[in-house]
Each structure stands twice: as structure tokens, then as C-alpha cells.
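Colleague: The structure that follows is given in the form of C-alpha cells.
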Amino acid sequence: MTLATDQNLDLEKLSPNARRMLELRDEVLWEWAERVRQSLEEAEQLPHPILINTFPSLYDNIAEAITPGYPRATGNESNTVASEHGGERARLTSYNVHSVIFEYQILRWTIFEVLKGNGVQLNDDEIYRINASIDGSVREAVNAFALAQLALRERFMAALTHDLRNPLSNAKLAAQLIEHSSELDRIKEFAGQIVASLDRMDGMIQDLLDSARFQSGERLQLRLEEFDMQELAKEVCEQFNFAHGPRFQLIARSARVWWDREAIKRAMENLLGNAVKYGASDTPVRIKIDPVHGRVVLTVHNEGEPIPKGQIESIFQIFQRAAAAREGNKKGWGIGLPYVRSVAESHGGSIEVDSAEHAEQLS
């Protein structure tokens with residue numbers, strides 16, 4: 001089972017050199033990490049999970065790309081692995097743009113040297129695809145690094161006046177109906193509607209404040225506790241299976257962590273909620289959990305219309321949503337995925353997107 005962002009579960013789809021490359025993944029990544037620490041002062045004190053970042057996924061994507069006929073032509077095609085890496089280097093480290101470029105160059109040298117040292121003979125096309133994958137990743141990472149350093153446009157008041165109006169109006173209407181009702185059961189019903197509307201407003205405001213606080217440079221206040229990601233995923237899947245039917249398939253190994261359980265749960269619920277809202281109805285939603293290099297890779301896969309490449313980054317910007325969501329009149333105000341990103345990065349993690357027309361072929 002690979003860590004590639006398309007959740008490829010069938011290694012038989014890959015060429016012999018690609019499978020051999022995957023077998024050498026840990027050797028390549030540990031060697032890369034050591035070389036980066038020796039070469040970049042900014043990397044010397046980074047914890048390994050933050051240093052390794054999205055490179056395991058990129059590496060697996062590259063292994064797929066060197067397979068003749070595989071739908072992924074380069075490791076950075078149809079996914080945000082490189083752009084997330086660049087953005088997180090800007091937000092979470094003291095890197096500069098030259099540091100970002102250099103660590104990709106180190107990855108290139110390390111891949112070729114380790115493969116050659118283990119007797120893997122690459123042909124010209126495989127060498128070209130590895131180089132193209134890394135060159136493309138450098139461009140995307142540098143662009144994301146620069147964008148992340150720009151100030152976020154403040155749209156707090158606009159969001160409050162527009163998106164909080166609906167639950168506020170519902171609460172006001174219920175209060176007015178109470179004034180004109182003398183039936184105790186009806187009064188209780190209206191009071192319940194008021195409480196539900198206020199709870200919705202409170203949740204929206206909390207998500208908004210958490211996301212805005214994170215975007216302004218602050219980390220979320222985490223309440224750390226030990227728990228098993230597998231057990232939490234089971235809990236969330238059962239919750240969604242009950243609400244939406246048995247569509248949610250969990251593939252997971254036990255992974256005990258010291259994280260903020262409630263924040264991780266909210267993030268997971270946001271991801272599954274998006275899969276339901278924007279995915280094709282009555283199709284499976286697959287959740288997979290893999291521990292790797294001190295990180296836990298959680299992926300959520302659903303079938304549906306792909307997100308255009310130019311709109312992928314916007315879905316992680318607070319108050320922004322992809323055009324398809326706006327045109328389809330999907331409810332939401334664009335803070336779910338920014339919140340997921342803030343939770344991931346506050347824990348030293350990452351969030352990535354892999355979305356393309358050939359996604360079904362990649363699964």
C-alpha cells in the first residue's frame with residue numbers, strides 16, 4: 001500500500017522500477033533528511049515530522065509517474081503536495097525561497113544516488129519524469145511560499161453580516177412566534193429552534209475565529225491528550241454512516257498520538273462533510289490512515305467532479321470556495337477547509353488535494 005495522494009491500493013499497476021523505488025522510500029527519505037540538516041541551517045532543529053512534511057507523498061507520486069501508461073505523468077500532477085509544502089515552509093519555518101529550492105535539489109540527487117547504489121537502472125524516460133516532477137514541484141512550492149508571505153485580505157465583517165444573518169433571522173422569527181403563542185408545546189418548540197440557531201451561530205463564529213486567528217499567524221490553542229486515530233476515525237465513520245447510509249469505508253492501522261482530539265475530530269468531520277456535499281451521491285467515501293516517519297497520513301477519497309487546478313488553492317483560503325460550489329448553490333461560507341488546514345499545521349502536519357479528471361483511474 002502506497003502513500004500516494006491518489007490512494008492507490010494496487011501495486012501491480014506499477015512498473016518493476018516503480019515498485020523497487022517504493023521499497024527504497026525510507027532509505028531515500030532518511031538520507032535526504034540527513035543531507036538537508038547538514039546543508040540548511042534552518043532545518044537543523046526541525047522535528048523530523050515537520051522536516052519530512054509532504055515528501056513521502058511526493059515520492060510515491062513520482063514512483064507512480066515513472067510507470068508507463070500510468071495516468072499521473074509527473075509527481076506533482078493533479079495534486080497540491082508541492083504547493084502545500086511551500087506554503088507550510090513559509091508559515092511554519094524560518095526558510096527562505098532559496099532554502100525551499102535547495103531541499104528539492106537535494107531530493108533529486110538523493111533519489112538518483114540511492115537508486116543507483118541499490119542497482120536500480122533507470123531509463124531515459126524514467127529519468128525525465130523524475131526530473132520533470134521535481135522541477136514542477138519547485139515551481140509550485142516557490143509560488144505557494146511567496147503567496148503565503150502576503151497578507152491575508154481581511155473579510156471578517158462581510159462574512160459576519162452575510163452568513164450569520166440566516167440563523168439570526170431564524171432565532172428572531174422563533175422569538176416573535178413565542179410572543180404570540182400561549183401553547184406550552186409550541187413555545188417549547190420555538191425555544192428549541194432559537195437554541196439550535198444560536199448553537200449554529202456559535203459554531204460558525206468559533207470556526208471563523210479559529211481560522212482567522214491561524215491566518216493571522218497564531219497557532220490554535222491545543223488541548224493535547226493521547227488517543228488512537230483509528231478509533232477516532234471509526235467513531236466519525238459510524239456517525240456519518242448513521243446520518244448518510246453505509247457509504248464510508250475505513251482502511252486504517254492503529255496510530256496512537258498526543259494531539260487535540262476534539263480539533264482533529266472537527267477537522268475529520270469537515271473532510272467527510274465535504275466529501276458528502278461535493279462528491280457524487282451514493283458512491284463510496286474511503287478513509288485511510290497510515291503512520292509514516294512520525295506522521296499519520298489521513299486521506300479521504302470521494303468520487304465527483306474534479307476541482308479545476310487554478311481553484312485548488314482558493315478552497316484553503318478563508319471565505320473562499322471553488323466556483324463549482326458557488327454555482328451549485330452549496331451551503332457553506334468557506335471556513336471548513338481553512339480550519340482543517342489550521343488544525344493540521346498547528347499539529348505540525350499538512351493538508352493536500354489530489355483532484356483530476358482521471359481520479360477514478362488513479363484510485
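The values are calculated or read from the model by the stated rules, or taken from the named source; none is laboratory data. The structure presented is a predicted model; accordingly, all values stated were derived computationally and were not measured. Cβ: placed from backbone, ideal geometry, glycine included. Neighbour counts: every protein chain shown. In case anyone asks, the SASA skips ligands and DNA or RNA and just uses the protein heavy atoms, side chains included. Shrake-Rupley method; radii C 1.70, N 1.55, O 1.52, S 1.80 Å.
A quick yes/no check of all residues on (1) modelled with pLDDT under 95; (2) in the same structural domain as Met201 (by the TED database); (3) within 28 Å of Arg37 (Cβ to Cβ):
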| position | (1), (2), (3) |
| --- | --- |
| Val97 | yes, no, yes |
| Ile111 | no, no, yes |
| Leu122 | no, no, yes |
| Val138 | no, no, yes |
| Phe145 | yes, no, yes |
| Ala159 | yes, yes, no |
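Colleague: Let me ask something else. Might you let me know whether region 39-49 holds any residue that is open to solvent by less than 10 Å² (accessible area, probe 1.4 Å) and more than 21 Å from the chain's Cα centre (by Cα)?
Modeller: Looking for residues that are open to solvent by less than 10 Å² (accessible area, probe 1.4 Å) and more than 21 Å from the chain's Cα centre (by Cα), one finds at least one in region 39-49, hence yes.
Colleague: Scan region 206-246 residue by residue and report those that are assigned to a loop (DSSP other than H, G, I, E, B), open to solvent by 30 Å² or more (accessible area, probe 1.4 Å) and either modelled with pLDDT of 85 or more or among the aliphatic types (A, V, I, L, M) (or both).
Modeller: Leu222, Arg223, Pro246 - these are the residues of region 206-246 that are assigned to a loop (DSSP other than H, G, I, E, B), open to solvent by 30 Å² or more (accessible area, probe 1.4 Å) and either modelled with pLDDT of 85 or more or among the aliphatic types (A, V, I, L, M) (or both).
Colleague: May I pose another question? Condition test on Ile289, is it surrounded by 15 or more Cβ atoms within 10 Å (Cβ to Cβ), within 30 Å of Glu231 (Cα to Cα) and at pLDDT 85 or above?
Modeller: Considered against the rule, which asks whether it is surrounded by 15 or more Cβ atoms within 10 Å (Cβ to Cβ), within 30 Å of Glu231 (Cα to Cα) and at pLDDT 85 or above, Ile289 comes out as yes.
Colleague: Then there's this: Would you be able to tell me the number of residues in region 89-145 that are open to solvent by 50 Å² or more (accessible area, probe 1.4 Å) and in a helix (DSSP H, G or I)?
Modeller: 18
Colleague: Got at least one residue in region 17-31 being at pLDDT 95 or above and assigned to a loop (DSSP other than H, G, I, E, B)?
Modeller: yes
Colleague: Among the numbered criteria (1) modelled with pLDDT of 90 or more; (2) outside any strand (DSSP E or B); (3) of a type outside the set (Val, Ile, Thr), which single criterion is violated by Gln249?
Modeller: All conditions are met except number (2).
Colleague: The conditions are (1) open to solvent by 10 Å² or more (accessible area, probe 1.4 Å); (2) within 13 Å of Val120 (Cβ to Cβ); (3) aliphatic (A, V, I, L, M), and Met21 fails exactly one of them. Which is it?
Modeller: Result: Met21 fails condition (1) only.
Colleague: If you don't mind, there's one more thing I want to ask. Of these, Leu92, Leu58, which one is farther than 18 Å from Ser355 by Cα and not small (Gly, Ala, Ser)?
Modeller: Values: Leu58 fails: farther than 18 Å from Ser355 by Cα.
Leu92 is the lone residue from the list that is farther than 18 Å from Ser355 by Cα and not small (Gly, Ala, Ser).
Colleague: Could you please give the count of residues in region 96-125 that are of a type in the set (S, T, N, Q), farther than 18 Å from Asp26 by Cβ and in contact with a Leu (Cβ under 7 Å, 6 or more places away or on another chain)?
Modeller: 1
Colleague: Moving on. Considering only region 182-202, state which residues are in a helix (DSSP H, G or I) and of a type in the set (Asp, Glu). Give the derivation first.
Modeller: Narrowing region 182-202 to residues in a helix (DSSP H, G or I): 184-202.
Across region 182-202, the qualifying residues are Asp185, Glu189, Asp199, Asp202.
Colleague: If you check Asp60 against the conditions, is it touching a strand residue (DSSP E or B) at 6+ places or on another chain (Cβ under 9 Å) and either under 27 Å from Pro306 (Cα atoms) or open to solvent by 40 Å² or more (accessible area, probe 1.4 Å) (or both)?
Modeller: no
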